[in-house]
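A short worksheet on the structure shown next.
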Amino acid sequence: MEAYQHFAIYAIVTPLFVAVLIPIIALWKKNWAMPLAGLALSLSFVLSVLLVPKVRAAGYLSYHLGSWEPPFGIEIRIDFLGVLMMVLISSICLIVAIYSLRYLAPVRPKEGKTFFFFGEEMEAGKRPIYYSLYLVLAASMLGFVATGDIFNMFVFFELMAICSYALVAIPGTGLPIRAAIKYMLMAVPAAIVVLLGIGLLYSVTGSLNMLDIAGRIADSAYGQVIVVSYVILIVGFAVKAAVFPLHVWLPDAHSKAPSPISALLSGLIVKMGIFGMIRVTYSVYGAYFASDLAWIVNALSWVAAAAIIYGAIMAIRQSDLKIMIAYSTVMNIGYIMLGFGLADVTALVGGAYHIVGHALAKACFFLCAGSIISRSGYLKIDDLKGAARKMPLTCAAFALASLSIVGIPPTAGFVGKWYLVWGSFSTGNFLLGAVVIAGSIMAAVYCFRVVYYMFFLPPADGAWQQVAGEAPASMLAPTWLLAAGALALGIFSSWIVPFLREAAESLMLLN
Amino acid sequence: MRKVLAVLCTCALAVLLIYVVTLLPAMGDPDNPTNSNVVPRYLEQGEQEAGTRNIVAGVVFNYRGYDTMGEVAIFSAALAGIFAVLGAGRRKIGRAFIDESRVKFSFVSGTAVVLVMPLIILFSIYVIFYGTDSPGGGFQGGAAIGAGVMLFTAAFGFCRAQERIPHHVRIILESTAIGGFFLVGTAGVIGGANFLTYAIPSLSAQSQTALRAAMLLILQFGIGIKVGVICTSILFALLREEETDGVEHAC
Amino acid sequence: MVWNTLADNINYAVAMVLFCIGFYTLIIRSNLIKKIIGLMVMQVSVFFFLVSVGYLDAGRAPIVVPGEPPSAMVNPLPQAMILTAIVIAVSTTALFLSLALRFYRHYGTLDMDKAKEDQR
Amino acid sequence: MNAEIGCMRPLMAILLPGVSLLAILLLPGKHQTLKRAVHIAGSLGAFGVVLSMLPGILDGNVYGMELIPIVELISIHLTVDALGFYFGLVLTFLWVLATVYSSGYIKHKDERFYGFMALCNSFLLGCAFSQNIFTYFVFYELMTLASFPLIIHEETDAARRAGIKYLKYAIPAGAVILFAILLHFFRGGGDLSLVSMGTLSLDAASRTLLTVVFLAYFGGFGVKAAIVPLEGWVPDAHPAAPAPASALLSGVILKAGAFGIIRVVVNVFGLDLFKELNLWIPMIVLASITIILGSVRALAQDNLKRRLAYSSVGQVSYILLGIALMSPLGVLGGIMHLAHHALMKGCLFFCSGIILKKTGKKNVSEMAGVGYSLPITMICFSICALAMMGTPLTVGFISKWLLGSGAVQADKPALIIVLLISALLSAFYYLPIIYTAFFRRPQEDSESQTFQFKGETSPAMLWPAVVLAVLVIVVGVWVTVPAFPHSLASMVVRVLFT
């Protein structure tokens, strides 16, 4: 037993443990919450990064919890996609946690100009709870991508869900509460549905380990039950992923939550739904995938195309910045779904790349929106005219991230879309490829409109007068880190894509 | 319109689900996949491997202890979420509508509660500690504790109940379960096994059984306390009235 | 043939019907508490289904009694799963209720539709 | 074609304006003069580096380096061959003059203007030096975005509308090009490089597919090259932009589209396949229509810059016409016209900018007597206007002559009529300007003080125009001097037709 095998479990458990420590320590030391959270998340990040070469060398990492061999105990099974997601989750959580520090800070008026929107609304007592929930959320996402057991996956899925409902509602005022209720009304039934699907699957296989199930359903006598359970599971995950007709909770929840939480919701949590779909489709239903389930997956790719068009149209129609960004998420989920629905290695690489690229760019969007809102209080796109005169660096980060969302070449967004188009062309779906490109143009309309307002229009009368200026460095640095990450991923994609291709091939090989 | 749509949706769902039911393996058949895969080992070797005669407890704490850790975390997260929604304030004073009830405090009910409370606590401790060998365990016992506190609150009012279990004590006790899991898990790792292994392989074989029993006890107790306290905290959080007039109301 | 299977699996069928009832309640009622009740019915129906999956004809509780054959015990795994799922359901419901409480305090109603116009 | 020589120089040329941009950003606000100097130095540096490759290029060498692999099989790869070098030399030269000119012209928010100008310079050089069509596309799109702030620099409503219109045309065009690249890459054999003479072939792809690919490329690049149904943004963008930006738009940025089409025809399809697919006839027809229509619409404009813009619409199609003729002389003429038109139109826009700055006159009808107040400017303007008409001893004549002989060589003598009509029409819309400027008396009652001789404008604005006007004659007389367009263009043609 080598030490590195324990890295994965400690990456998951440490934030969980620190999360329960924080309320205790907060009884005496109010300000220790954020440093502790940062410490735990950095540890997770370091451990995840250290795992990458190990997973790459062995193909996967299998860790038997409680030393029980897989079908009997719970297995942590990390493939390359999983470890990539772990690095992504822990890094973005860390970055956004740093951002939260000043975002949640209490009001500190300076010459009557600066005010922090959110800190004013939230009672000081909620701050340790915020970090506590935040850490549990991070831990649950890490656990969700790492696990190799389908019921354990459900447990972490629910853990993640509960934290995200609570974090959406944390301002405690009317609209966030209503958004959280709307979210719960969709997501709780979805979780029940997932449990039902797991129950059906269990009743015909008698196992909960994914690899074991995959082996057992290959020659199962209950083919139709398995197909139905697949549909049920996919619908359940699709709600969490906000796939087009089931997305109605998303615009409200993502726009009314505190901005760092919006960043996590859009950047990571909806991706967990997609990750669940990918995991279930390829790791569990691999044997059925090519034959009985092909039409379902194929239908998903058309749903995805509808999501792209719908999300883009709705984003163009919005006048509220955060709702626009939220609809953009609906659209980009369509892209990722497309990569998964085309059932092609290249398209899957594109989808996976888009998960990463969109996570960085969208988190950056929401952090920029958060900086602007907390500095100026303006929520509408029309109010952003001339924003660059007061907050040039924030606006520049927004512009850089929007290049990635639109898919202008040397950015991460482009690489993802490139592989998606490649995948759709090589499977003969020219129409879907055209939808990808058309979506890019529509993304350009709604992104560049905001950039244009920020940089090239004069502010309306009296607007931006009392705004003090640029956001503090601890908010700017995370924003820029994410924007730079989106750019760097576009430039250095050739380092990552071979790994992803390998991961996608190993996923598809299970067929 | 909405009604028609709802009926249609539900009917479609019902047809699908009933259709699946007709395809499922017959219930209770010993040859079902559920009864022939995986489970025989639990039933045959569970007592020896997991150290519990109650196989469900063996599965919950040992074979699938990681799930239980997640479940405990969910419970904590739900409490944190309720605080996040309703306000966390470590206010010493809170009031609730039951304190302002016009029904007078009844001597009979008070006495009954005082008499029953020790029994409830005793019973829950029994359920917690005896859970490895009979139906029961930390969750069930904890729930019983919570029910006891609920009864006390109903009889004596929110203010007095709150005084008995102060906020900071509750906060500390809430973390016992996760802390227990973390410690037990880490002990296994330090001993050279995997996380959540209820053994320290580097120690002698004789001490393993005792060690495992001790670890199980720690966990059961931690979970029991934690569930009871969280039930209490949820109750208090939901009861606490919002102070709309800004005046602090003493008990 | 189909009816025979259905009769054998009557527990499953009842669970599914319960599920549908819960679902119908969830989507048709606009009162939050009723919606939550619908959700709980759905949850319970799934638990019921899972417990039935673990059932064994003439089985006894999964507690080892010396001298009895282990194969006569019912499946403990669904029970363990439901134990976890129940705690999850309780947590979710508690959080949902606290949100409903807050909603009521803010809007003065529990009706989602009535609060729709109130943009606060 | 010779093997590529690994070399940092293309990258250096691209990065140098970027360095100047950094310096502009980092220098504190008060050092205006220093910033201007740095800006000019950056563009001069780029020009110098490009020029330093001249001897090697004339020897037939190819410089290049691979920068970063973007996706599998595709990388950002720079190569300087004769054609790319030619375009790069033209654009860096015009850019040096435009930076000098803008240091006199731009008075408001000059940092932003300089910054985006430097960026545009970098990206366009990237276009010129790209080894594959993908690299071309990347730099092309970035250039599109970076040129937007140049167009709306004045921040008037008209400028904003023009800028938005520009993006409305350019971004879908970019998507169409991307679509073409994707089809080309995934269905056409997977070779995007621009080093050989034709990578597509009928063996690998069907006729329909190749036609679709070409139409998509042509449509996409055609928006920048202002082919007739897609030229709508040109007449709005030119008058709205400041004069140095309009000079660059007409002189170089429009050409980036035409250059893209040249690359596609020459390097992607190859002349043989192009002929085989019968695409050249519609291209000739379209180019001819654009030439005539551009000139006709220029006649109707009173706004000077708008008139020049429509003239550009017609003139850029000369380049396409030359390529579509596919005869050695025609291609030579087309490629040479790329440089010639840049010289002429650059000078014309510089002059129009000087007129606007000194007299405030936008419209031709108001310009009576401007020739007296700005004699040198108007002489430069006249030289270039005459060259535009095709007067012998100027560059305009060389292009027209070569194109005409190319048409004969390609057995399409009817096209000479198109060239003649165009020349006639340009006479109709250029001569009145000269006439108004020199021979019409200003009306006495209207603001007479502007017509007094007040001396020429500042040297920073005057000299670029003078240099260009002189070059229009020098290049037109000593055609075959090395480094002049003929030598490089004939290298390209030699490779193509052997």
**Fill in**
Reported set for region A:26-50 where residues are free of Cβ contacts under 8 Å to residues at least 40 places away in the same chain and either within 11 Å of chain B (Cβ to nearest Cβ) or crowded, with 23+ Cβ neighbours inside 10 Å (or both) is A:Leu27, A:Trp28
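Quick grid of which residues meet (1) closer than 22 Å to C:Ser98 by Cα; (2) assigned to a helix (DSSP H, G or I); (3) more than 8 Å from every other protein chain (Cβ to nearest Cβ); (4) out of contact with any Cys (no Cβ under 7 Å at 6 or more places or on another chain):
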{"position": "A:Val136", "(1), (2), (3), (4)": "yes, yes, no, no"}
{"position": "A:Gly143", "(1), (2), (3), (4)": "no, yes, no, yes"}
{"position": "A:Met160", "(1), (2), (3), (4)": "yes, yes, yes, yes"}
{"position": "A:Leu167", "(1), (2), (3), (4)": "yes, yes, no, yes"}
{"position": "A:Val194", "(1), (2), (3), (4)": "no, yes, yes, yes"}
{"position": "A:Ile213", "(1), (2), (3), (4)": "no, yes, yes, yes"}
**Prompt:** Can you tell me how many residues in region A:156-180 are among the β-branched types (Val, Ile, Thr) and touching a residue at least 12 places away in the same chain (Cβ under 8 Å)?
**Reply:** 3
**Test: B:Val38 is within 18 Å of A:Asn209 (Cβ to Cβ), within 10 Å of chain A (Cβ to nearest Cβ) and among the hydrophobic types (A, V, I, L, M, F, W, C)** = yes
**Asked** Taking region A:283-341 as the search range and keeping residues that are at pLDDT 90 or above and in a loop (DSSP other than H, G, I, E, B), which one is farthest from A:Ile217 (Cα to Cα)?
**Response** A:Ser319
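May I ask you to verify whether B:Ile145 is more than 14 Å from every other protein chain (Cβ to nearest Cβ), under 25 Å from B:Gly70 (Cα atoms) and among the hydrophobic types (A, V, I, L, M, F, W, C)?
When the stated conditions are applied, B:Ile145 passes them.
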**Request:** Identify the single condition in (1) surrounded by 21 or more Cβ atoms within 10 Å (Cβ to Cβ); (2) of a type outside the set (A, V, I, L, M, F, W, C); (3) within 9 Å of chain A (Cβ to nearest Cβ) that B:Gly46 does not satisfy, given that it satisfies every other one.
**Result:** (3)
**Request:** Mind telling me which of the residues C:Thr109, C:Thr93, C:Thr84 ends up being polar (S, T, N, Q) and in a loop (DSSP other than H, G, I, E, B)?
**Result:** C:Thr109
**Request:** Residues being in a loop (DSSP other than H, G, I, E, B) and surrounded by 21 or more Cβ atoms within 10 Å (Cβ to Cβ): count how many of those fall in region B:161-175.
**Result:** 1
**Request:** Within region A:472-511, count every residue that is within 12 Å of chain D (Cβ to nearest Cβ), small (Gly, Ala, Ser) and surrounded by fewer than 19 Cβ atoms within 10 Å (Cβ to Cβ).
**Result:** 2
**Item:** Any helices (runs of 4 or more DSSP H) falling wholly within region A:352-463 and containing at least 3 residues that are surrounded by fewer than 24 Cβ atoms within 10 Å (Cβ to Cβ) and hydrophobic (A, V, I, L, M, F, W, C)
**Value:** A:392-406, A:430-456
**Asked** Which one is nearest to D:Tyr318 (Cα to Cα) among residues in region D:385-417 that are out of contact with any helix residue (DSSP H, G or I) (no Cβ under 6 Å at 6 or more places or on another chain) and charged (D, E, K, R)?
**Response** D:Lys412
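Tell me the residue from D:Ile354, D:Ile319 that is under 20 Å from the mean Cα position of the chain (by Cα) and crowded, with 24+ Cβ neighbours inside 10 Å, please.
Only one candidate qualifies: D:Ile319.
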**Message:** Filter region A:51-92 down to the residues that are within 14 Å of chain B (Cβ to nearest Cβ) and without any contact (Cβ under 8 Å) to a residue 60 or more places away in the chain and list them by number.
**Reply:** A:Leu61, A:Tyr63, A:His64, A:Leu65, A:Gly66, A:Ser67, A:Trp68, A:Glu69, A:Phe72, A:Gly73
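Restricting to helices (runs of 4 or more DSSP H) lying wholly in region D:296-390: which have 3 or more residues that are of a type in the set (Val, Ile, Thr) and more than 26 Å from D:Ala162 (Cα to Cα)?
Details: elements: D:304-325, D:328-359, D:370-373, D:375-389.
It comes to D:375-389.
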**Request:** Please enumerate the residues belonging to region B:113-145 that are surrounded by fewer than 21 Cβ atoms within 10 Å (Cβ to Cβ), part of a helix (DSSP H, G or I) and within 18 Å of the chain's Cα centre (by Cα).
**Result:** B:Ile120, B:Ile121, B:Leu122, B:Phe123, B:Ile125, B:Tyr126, B:Phe129, B:Gln140, B:Ala143
**Message:** If the requirement is being under 21 Å from the mean Cα position of the chain (by Cα), away from chain A (no Cβ under 11 Å) and aliphatic (A, V, I, L, M), which of these qualifies: B:Leu183, B:Leu216?
**Reply:** B:Leu216
**Prompt:** Pick from A:Leu342, A:Leu321: which is touching a Lys or Arg at 6+ places or on another chain (Cβ under 9 Å) and surrounded by 23 or more Cβ atoms within 10 Å (Cβ to Cβ)?
**Reply:** A:Leu321
**Asked** Got at least one residue in region A:183-197 being touching a Ser or Thr at 6+ places or on another chain (Cβ under 9 Å), buried (at least 24 other Cβ atoms within 10 Å of the Cβ) and of a type in the set (Ser, Thr, Tyr)?
**Response** yes
**Prompt:** Taking into account only those residues within region C:66-79 that are in a loop (DSSP other than H, G, I, E, B) and more than 8 Å from every other protein chain (Cβ to nearest Cβ), which is nearest to A:Gly197 (Cα to Cα)?
**Reply:** C:Val74
**Asked** Hey, any hits in region A:427-434 for a residue that's in contact with a strand residue (DSSP E or B) (Cβ under 7 Å, 6 or more places away or on another chain), modelled with pLDDT under 90, more than 11 Å from every other protein chain (Cβ to nearest Cβ) and farther than 28 Å from A:Lys385 by Cα?
**Response** no
**Request:** Filter region D:70-82 for residues that are of a type in the set (S, T, N, Q) and within 14 Å of chain A (Cβ to nearest Cβ) and give the result.
**Result:** D:Ser75
**Request:** Scan (1) in a helix (DSSP H, G or I); (2) out of contact with any Phe, Trp or Tyr (no Cβ under 6 Å at 6 or more places or on another chain); (3) at the interface with another protein chain (Cβ under 7 Å from one of its Cβ atoms) for the single condition B:Pro30 breaks and write down its number.
**Result:** (1)
**Message:** Taking the criterion of being out of contact with any Gly (no Cβ under 6 Å at 6 or more places or on another chain), outside any helix (DSSP H, G or I) and in the same structural domain as B:Asn62 (by TED's automatic domain parsing), would at least one residue in region B:206-213 satisfy it?
**Reply:** no
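The values are calculated or read from the model by the stated rules, or taken from the named source; none is laboratory data. What you see is a predicted model, and the numbers here were worked out from it, not measured in a lab. Reconstructed Cβ throughout: ideal geometry from the backbone, glycine too, with neighbour counts over all protein chains shown.
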